[in-house]
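Participant: Structure provided below as structure tokens; questions to follow.
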Amino acid sequence: CFNCDKASCALLTLEEAEVQMMELQTSHTAMRNGDLLLRQGAPFHSIIYLRSGFVKEFVINDHSPDQIVQLIKPRSYIGLQSLFTNMESAFSYQSITDIELCYIQQHTFSDLINNNGGFAREILIAVSQETLGNQKRILGLNQKQIFGKVADTILYLSMQVYGKNEFELKLSRTELAQMIASTRESVTKALLWFHEQGMIKMRKNIITILDQKRLQEISKKG
């Protein structure tokens, strides 16, 4: 909205009347850590804009552990894939911190895409970057052993999610395992080895990367 200090870059492409229209069709809310935003397969009525906090996107599997696809950081849209497909949520979304959200009516968002080429371009860029990034990371994980997978995940969290070398890990060891299709025990063992080798420092849930070059080498070699 006009006075929002956490607006997306796409908002800058809108005319004043378009922003006003979006404001009228947008509701704001806050949720607590662990709350479920949207369940896989549920009807899709609104685009969700994440103003603050972090959310995990995951697939619910009937006969195997859930698979975490990615972590979504502030100033990101949630549910864009479903906007252009079958109007059912393709994934489940759950907060991993306290969060602030905006719900934008789906038809309003679609109208803005149809009528404003600049806005549509920004949304297309966001969807493309997110999709390509996830595809490359997930395909790469399938070719790596546990140390390569964990190194890759640490670098992903540092560079793409938190944007810094020291961050608070908001995921449990089980959830980390769900990101890389591994086990809790294997993830814990790999993190401990990286710590003992001086590549990272772990203090409770705080991870500090000490040797990014070595982590990158292990990530590449798998």
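Just so it is clear, none of the values below were taken in a lab; they were calculated from the coordinates. As the structure is a prediction and not an experimental result, all values here were calculated from the model. Every residue, glycine as well, gets a Cβ built from its backbone with ideal geometry; the counts of neighbours run over all protein chains shown.
Participant: Between helix 212-221 and the chain, what is the angle of the helix's C-alpha long axis to the longest principal axis, kept within 0 to 90° and rounded to the nearest 10?
Facilitator: 90 degrees
Participant: Go through Lys170/Lys204; Lys136/Lys189; Lys73/Lys201; Lys56/Lys213; Lys170/Lys201 and tell me which ones have a Cα-Cα distance over 19 Å in this structure.
Facilitator: Lys136/Lys189; Lys73/Lys201; Lys56/Lys213
Participant: Using 7 Å Cα-to-Cβ label points, what is the Leu139/Ser64 separation (nm, one decimal)?
Facilitator: 1.9 nm
Participant: I need to check one value: relative contact order of the chain, counting alpha carbon pairs closer than 8 Å and at least 6 residues apart, in percent.
Facilitator: About 21 percent, as a whole number.
Participant: Additional query: Select from the stretch 140-222 those trypsin sites (Lys or Arg not before Pro) which occupy a DSSP coil region and have at most 11 other Cβ atoms within 10 Å, ordered by residue number.
Facilitator: Lys164, Lys204
Participant: With angles folded into 0 to 90 degrees, how steeply does helix 184-196 sit against the dominant principal axis of the chain? Use alpha carbons for both and round to 10.
Facilitator: In the chain, helix 184-196 runs at an angle near 70 degrees to the longest axis.
Participant: Would you mind putting 40-51, 6-17, 68-79, 108-119 in packing order, based on average other-beta-carbon counts within 10 Å, highest first?
Facilitator: Output ranking for 40-51, 6-17, 68-79, 108-119: 68-79, 40-51, 108-119, 6-17.
Participant: Return a whole-number percent for the relative contact order of the stretch 1-117, with Cα pairs under 8 Å and 6 or more residues apart as the contact set.
Facilitator: Details: 225 pairs, mean separation 44.2, N = 117.
Relative contact order for the stretch 1-117 comes out at 38 percent.
Participant: Using alpha carbons only, how many degrees (0 to 90, rounded to 10) separate the axis of helix 117-141 from the longest principal axis of the chain?
Facilitator: Taking Cα atoms only, the helix is inclined about 20 degrees.
Participant: Output the Cα-based Rg and Dmax of the stretch 123-222 in Å, rounding Rg to one decimal and Dmax to a whole number.
Facilitator: Cα only, the stretch 123-222: 13.3, 43 Å (Rg, Dmax).
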